[in-house]
Amino acid sequence: MRLLRCGAEAVLVELQHLSEVLACTPLVGALPGVAEVVPAARTLLVRALPGQLGEVRAQLEVMAVPASTMPTGEREVEIPVSYDGPDLALVADLTGLSPADVVAAHTGTPWAVAFGGFAPGFAYLVGGDPRLTVPRKTTPRTRVPAGAVGLAGEFSGIYPTSSPGGWQLLGRTDVVLFDPDADPPALLTPGTRVRFRAVKERAVGPAPSPRVASEERAGVSSTSPRVASEERAGVSSTSPRVASEERAGVSSTSPRVASGERAGVSSTSPRVASGERAGVSSTSPRVASGERAGVSSTSPRVASEERASVSRGPRALTLTSARLPVLVVDGGRVGYAAIGVGRSGAADRGAYELGARLVGNPRGEAGLEVAMGSAEFVAEGSLTLALTGADLAAVAGGRAVSMATVFHLGDGETLSLGAPSQGLRTYLSIRGGVTVPAVLGSRSRDTLAALGPEPLTAGSMVPIGEAAPGWIPPTDWAPQPPVPDVVELEFTPGPRADWVAPLDGTTWRVSSAVDRVGARLEGDPLARLIGGELPSEPVVRGSVQVPPSGQPVIFLADHPLTGGYPVAAVLTPASADRAAQLRPGAAVHLSQRGDRVSSHPGR
């Protein structure tokens with residue numbers, strides 16, 4: 001066991017084999033001070049509770065690696081696949097097999113789910129025919145369709161939603177892999193056996209109701225509460241789609257950020273259910289109510305109109321116009337890494353938290369994230385608000401208001417936001433919080449996972465909760481530092497700092513590939529010092545990943561859980577917030593923080 005640096009909140013445990021990772025996962029997760037554990041091929045990311053990283057490291061340093069184990073389970077899922085993928089011939093060349101033999105090898109051996117992946121519903125499958133071990137693509141595709149079945153290294157997997165990706169694609173299936181209303185939400189859970197079955201073509205048709213009883217769904221054992229493929233055929237082709245710019249919240253022309261696995265904003269909503277979500281969108285996935293304060297405690301099957309009237313309350317805020325869709329955000333969701341769900345939450349946590357404090361909201365209360373400003377809202381009821389983050393001009397009820405100040409909006413009054421003079425994302429905090437229904441414990445929109453409230457567009461209305469008893473803090477103005485011409489981003493060495501040339505002191509430009517998943521940098525390519533394929537590893541917010549191109553990618557709030565390229569650095573929390581405000585074309589200077597004598601990732 002080797003402990004590697006991974007930022008201010010986590011440590012990466014490096015082990016010898018996947019079997020050791022699986023054996024250690026439950027033991028490490030039970031240690032005091034551990035918030036979450038994310039397993040991968042040879043490593044285990046251990047995220048500590050605030051202020052507990054030192055204690056967690058100390059426990060790991062004396063922990064013995066238990067006896068190895070591999071995933072086992074009685075549940076089996078059959079996946080029908082149309083083997084017409086764009087990389088089938090390439091995989092045949094790489095393996096020395098014919099395309100027909102590749103299909104036979106992929107379907108002839110049962111696979112097993114080892115662990116969840118970088119996106120909700122993605123599972124890393126192991127135990128297949130060893131002849132199918134192939135490298136990832138050198139340059140990831142900008143878009144891989146939902147349901148694509150691929151190979152990477154020793155693993156096979158299925159893309160739950162459309163996104164960029166670097167796996168070798170054999171074919172495609174219509175199986176729906178993730179449904180936030182199901183229990184469990186992920187179809188493929190650790191230990192599940194998976195068998196692929198070749199079919200001539202995928203079924204096309206309307207998506208069946210997600211409430212279909214499990215015994216009516218083919219392809220899963222009769223004791224499984226989950227769904228199989230044929231009964232849900234056609235979901236991906238008819239699922240409501242939200243255009244990329246609506247999910248990114250940045251730019252309608254911004255290309256996706258490519259990661260070693262997949263990064264970017266999904267263009268399809270996984271397992272969109274038929275019900276409506278109160279106060280947000282008629283095509284939003286159904287969620288169980290009552291998960292957080294201000295949400296109806298009635299059954300999640302209650303008609304949408306009834307839920308809307310219950311959860312909305314007497315106060316609301318309506319978006320009447322916006323340059324780009326507006327996102328609901330909060331502190332994020334923790335504890336769902338095992339099924340591929342990341343934390344998400346506000347991209348600039350510091351700005352979001354400042355706004356919440358200014359209006360007297362408790363920690364984690366939801367607000368709004370406005371990318372590139374130029375939005376207008378109308379109040380229903382009397383509201384107390386604050387604007388933080390990207391600096392812009394604002395007019396509330398005909399009165400000019402300043403950033404980072406508390407102001408009021410009367411019933412029927414309008415709040416108009418201009419374009420930001422600097423920065424990218426502005427946060428609108430409202431006393432009482434935005435009380436749309438929570439999904440897996442959070443009201444945040446996760447753009448990579450297409451999870452949470454739908455992005456708000458003109459006409460969208462969100463309910464505002466009643467303010468908790470108590471005083472608003474006496475601070476009525478909080479100065480925000482200006483954005484310099486060259487943004488300084490501090491980092492600590494990442495777990496694979498020794499794989500690439502030093503980052504310290506380098507200067508870069510932000511490319512046009514910017515969204516909530518990450519920001520790609522452009523400059524003189526970083527030289528690779530260690531070659532070879534890196535097994536998929538967990539990543540954290542602020543990770544600076546270096547693909548073969550040598551052009552770093554900074555992962556932001558909606559980053560994938562795992563990536564296949566070396567993480568050379570991890571930004572400090574404050575610098576990760578600054579990175580969330582970077583616009584295309586901005587100049588960035590990377591500077592190593594603290595001990596510069598050694599940047600060895602294991603220290």
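Looking at the stretch 486-592, what % of its DSSP beta bridges pair antiparallel, to the nearest 5? Spell out each step's value before the answer.
Numbers: 20 of 26 bridges.
Restricted to the stretch 486-592, the bridges split so that about 75 percent are antiparallel.
So how far, in whole Å, is the C-alpha centre of the stretch 359-404 from the one of the stretch 112-179?
The distance from the Cα centre of the stretch 359-404 to that of the stretch 112-179 comes to 41 Å.
Eigenvalues of the Cα gyration tensor times 5, then square-rooted: what semi-axes does that give for the stretch 2-61, in whole angstrom, largest first? Spell out each step's value before the answer.
On the way: eigenvalues 63, 26, 17 Å².
Ellipsoid semi-axes (Å, largest first): 18, 11, 9.
When a footprinting reagent is the concern and you count Cβ atoms within 10 Å, what order do Trp111, Trp499 take, fewest first?
Working: Trp111 25, Trp499 20.
Listing Trp111, Trp499 from fewest to most nearby Cβ atoms yields Trp499, Trp111.
Give me Val11, Val570, Val462, Val486 ranked fewest to most by other Cβ atoms within 10 Å of their Cβ, as a rough exposure proxy.
Working: Val11 21, Val570 29, Val462 26, Val486 12.
Fewest-to-most ranking of Val11, Val570, Val462, Val486: Val486, Val11, Val462, Val570.
Among the GluC sites (Glu not before Pro) within the stretch 366-468, which fall in a DSSP loop and have no more than 15 other Cβ atoms within 10 Å of their own Cβ? Working shown, then result.
On the way: sites: Glu369, Glu376, Glu380, Glu413, Glu466; in loops: Glu413, Glu466.
Of the GluC sites (Glu not before Pro), the ones in loops of the stretch 366-468 whose Cβ has at most 15 other Cβ atoms within 10 Å are Glu466.
What residues qualify as long-range amide H neighbours of Val570, i.e. H under 5 Å apart, gap of 5 or more or another chain, H built at 1.01 Å from N?
Thr492, Gly494, Val544
Where q = 0.10, 0.11, 0.12, 0.22 Å⁻¹, what log10 of I(q)/I(0) comes from the Debye formula for the stretch 486-592, counting one point per Cα?
Debye output, listed in q order: -0.22, -0.27, -0.32, -1.21.
If the chain between Ala527 and Thr133 were fully stretched, how many nm would it gain, using 0.36 nm times the residue separation less the Cα-Cα distance?
On the way: separation 394, 0.36 × 394 = 141.84 nm, distance 2.66 nm.
Length difference between fully extended and current span is 139.2 nm.
Contour minus end-to-end for Thr109 and Val378, with contour as 0.36 nm per residue of separation and end-to-end as the Cα-Cα distance?
So the extension gain works out to 91.0 nm.
Can you give me the Cα centroid spacing of the stretch 547-599 and the stretch 1-50 in angstrom?
21 Å
Order these by the 10 Å Cβ neighbour count, fewest first: Phe115, Phe178.
Arranged by neighbour count, lowest to highest, Phe115, Phe178 become Phe178, Phe115.
At a Förster distance of 35 Å, what's the computed FRET efficiency of Thr320 paired with Ala574, Cβ-Cβ distance as r, to 0.05? All intermediate terms of the calculation are to be shown ahead of the outcome.
Numbers: r = 34 Å, r/R0 = 0.99.
Working from the Cβ atoms, E equals 0.50.
Read-outs: derived from the displayed coordinates by stated rules, not from any lab. Predicted, not measured: the structure shown is a model, and the values here were computed from it. All Cβ positions, glycine included, derive from the backbone under ideal geometry; neighbour counts span all protein chains shown.
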